[in-house]
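Below you'll find the structure, written out as structure tokens, and then a few comments.
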Amino acid sequence: MSEQDVTLDEFAKENEPAQSEGEARLPEIGEIPDDWKLVTVNDIASKILGGGTPSKSNEEYWGGNIPWASVKDLGEMELAEPEDYITEDGVENSATNIIPANSVIISTRMTVGEPFLNTVEMAINQDMKAILPNSGQVNALFLVYSLWDKDSYLKSLGRGTTVDGITTQDLSRTHLGLPSLEEQRKIASVLYTVDEAIQKTEEVIEQTERTKRGVAQDLFCHSINEQDTVDTWLGKIPATWDTVPFKELVQSNRNGLYKSTDAYGEGYPIAKMGNALEERILDMSTADRLELTKNEKEKYALKKGDLIFARRAQEVSAAGDCCYVPELDELTVFESSLIRVRLTERANPRFYAQYFEGPIGSKAIERIITETSISGIATSDLLELETAVPPIEEQQVISSILWDFDRQVEALQNEARQLKRLKQGLMQDLLSGNTRTTDAAIEVLDEIKQHRST
């Protein structure tokens with residue numbers, strides 16, 4: 001047995017006396033129905049196993065046929081194919097363990113408190129623990145959802161250390177409300193159904209985005225009527241398109257406004273990297289505000305049809321990312337990390353918002369990015385950038401085609417967000433017992449029935 005294998009008897013010897021029931025209910029759990037049991041993770045686990053990492057310097061330990069999960073595989077409720085695989089030698093020569101299928105694996109370091117169910121046998125690294133559920137007491141997927149419901153509590157236990165993390169003792173003492181197995185399976189079935197709807201919606205989003213990329217590749221190479229192409233510095237483009245320095249399409253441009261942090265509070269909204277560049281269109285639904293002088297309003301006000309480029313890379317964007325400014329509800333300015341470009345009548349701004357994201361414009365932008373401590377672009381380089389110019393009528397048609405894809409994606413993303421809010425509300429109601437499933441005609445899914453620990 002590995003040093004990190006922990007049996008229930010060992011826990012009893014190692015751990016301090018448990019808290020009283022009154023103390024145990026706070027802060028991780030509130031009131032539960034009278035017919036539910038108040039249990040700890042330790043109570044419903046047949047075993048809790050730790051993990052480890054084979055030596056990265058030994059190639060014989062890696063690339064085998066044994067799935068090996070780490071925190072980079074987090075995010076899904078179930079996992080069958082992690083990014084990494086190890087060999088039997090890797091298992092033998094490390095602290096990792098082979099975790100039986102239908103166990104509940106949870107991160108306890110780095111990213112704390114994100115559980116999933118392994119649908120196949122797999123090994124885990126040292127940042128995770130595996131709970132082998134006692135199938136006579138708890139349904140494995142119900143336990144996954146219950147631990148997700150404790151996410152904020154578990155994360156709070158891990159804060160304040162050099163590397164966020166919780167101990168096996170923290171995990172084993174976490175309290176849960178435990179209904180009957182029949183009710184557990186019904187609760188898990190309801191939540192699993194919503195999860196499936198979320199997954200299917202996200203798959204449609206990915207498919208729509210892939211289709212758009214393929215259509216954009218064809219349109220920027222052959223346009224709307226399969227035109228002949230010519231080779232240019234930009235790559236292949238339709239033979240009827242011109243190429244000019246971007247400045248010939250620019251009516252005016254300006255770098256954004258800099259203000260110290262004490263200037264923020266009341267006043268007018270200011271577009272920042274997060275508003276401007278997470279999507280292709282400026283979204284000011286949440287924005288910082290600041291007071292402006294008359295001169296600042298005149299110099300830095302955004303107008304419908306402006307393009308905004310990121311001057312440097314940040315967490316939410318890459319240098320050179322571009323977005324379109326729609327009709328705004330009130331006067332809005334933009335910060336110094338952004339470049340505002342206002343185009344001439346020769347250029348459709350909705351087309352060029354797509355162009356600089358597409359296969360030609362994005363590659364052109366990459367050529368002017370300078371790498372220092374932070375990657376960025378210079379306004380002067382952007383203005384000199386060789387740019388393709390279709391006839392204005394083609395710009396309009398291509399723009400309409402590509403923006404239609406974006407509208408489809410936006411609608412699907414809204415649907416996914418609504419489903420996630422529904423799931424969150426259902427988790428709060430069902431896992432607290434505020435909403436009961438005992439008298440509801442809920443079919444228990446086969447996927448829930450088969451999740452039993454071996």
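The values are calculated or read from the model by the stated rules, or taken from the named source; none is laboratory data. Just so you know, these numbers come straight off a predicted model, no measurement behind them. Cβ sites come from the backbone with ideal geometry, for glycine too, and all protein chains shown count toward neighbours.
A few remarks follow.
- The combined condition, being out of contact with any helix residue (DSSP H, G or I) (no Cβ under 6 Å at 6 or more places or on another chain), free of Cβ contacts under 8 Å to residues at least 40 places away in the same chain and closer than 19 Å to residue 256 by Cα, is not fulfilled by residue 336.
- Selection count, segment 319-360, where residues are over 16 Å from residue 303 (Cα atoms), of a type outside the set (A, V, I, L, M, F, W, C) and modelled with pLDDT under 95: 7
- Considering segment 356-454, the qualifying helices (runs of 4 or more DSSP H), each wholly inside and each with 2 or more residues that are over 30 Å from residue 44 (Cα atoms), within 26 Å of the chain's Cα centre (by Cα) and not assigned by TED's automatic domain parsing to the domain that holds residue 248, run over 392-432.
- Residues that are over 18 Å from residue 329 (Cβ atoms), part of a strand (DSSP E or B) and out of contact with any Phe, Trp or Tyr (no Cβ under 8 Å at 6 or more places or on another chain), drawn from segment 255-298: 255, 264, 265
- Filter result for the condition that a residue is surrounded by fewer than 20 Cβ atoms within 10 Å (Cβ to Cβ), in contact (Cβ under 8 Å) with a residue 40 or more places away in the chain and closer than 22 Å to residue 356 by Cβ, over 320, 274: 274
- Against the test of being over 24 Å from the mean Cα position of the chain (by Cα) and not hydroxyl-bearing (Ser, Thr, Tyr), the options 48, 124, 105 yield a single qualifying residue, 48.
- Yes/no for residue 363 being basic (Lys, Arg), surrounded by 18 or more Cβ atoms within 10 Å (Cβ to Cβ) and at negative phi: no
- Any hit, segment 88-96, residues being of a type outside the set (Asp, Glu) and within 30 Å of residue 436 (Cβ to Cβ): no
- In segment 287-305, the qualifying residues are those that are touching a residue at least 40 places away in the same chain (Cβ under 8 Å) and small (Gly, Ala, Ser), and the one that is nearest to residue 257 (Cα to Cα) is 287.
- Residues of segment 114-129 classified as touching a residue at least 60 places away in the same chain (Cβ under 8 Å) and either closer than 21 Å to residue 185 by Cα or in contact with a His (Cβ under 8 Å, 6 or more places away or on another chain) (or both), total: 1
- The single condition among (1) surrounded by 15 or more Cβ atoms within 10 Å (Cβ to Cβ); (2) not in a strand (DSSP E or B) that residue 345 does not satisfy is (1).
- Number of positions in segment 44-64 that are part of a loop (DSSP other than H, G, I, E, B) and surrounded by fewer than 17 Cβ atoms within 10 Å (Cβ to Cβ): 4
- Matching residues, segment 245-269, being β-branched (Val, Ile, Thr) and surrounded by 13 or more Cβ atoms within 10 Å (Cβ to Cβ): 250
- Extreme residue, surrounded by the most Cβ atoms within 10 Å (Cβ to Cβ), among residues of segment 301-317 that are closer than 13 Å to residue 379 by Cβ and of a type in the set (A, V, I, L, M, F, W, C): 308
- Subset of segment 65-76 [more than 17 Å from residue 95 (Cα to Cα) and either part of a strand (DSSP E or B) or among the β-branched types (Val, Ile, Thr) (or both)]: 65
- Test: residue in segment 85-97 that is within 30 Å of residue 193 (Cβ to Cβ) and outside any helix (DSSP H, G or I): no
- Test result for residue 330, loosely packed, with under 14 Cβ neighbours inside 10 Å and either closer than 24 Å to residue 271 by Cα or among the small types (Gly, Ala, Ser) (or both): yes
- When each of 362, 375, 380 is tested for being within 22 Å of residue 272 (Cα to Cα), of a type outside the set (Asp, Glu) and in contact with a strand residue (DSSP E or B) (Cβ under 7 Å, 6 or more places away or on another chain), the lone residue that passes is 375.
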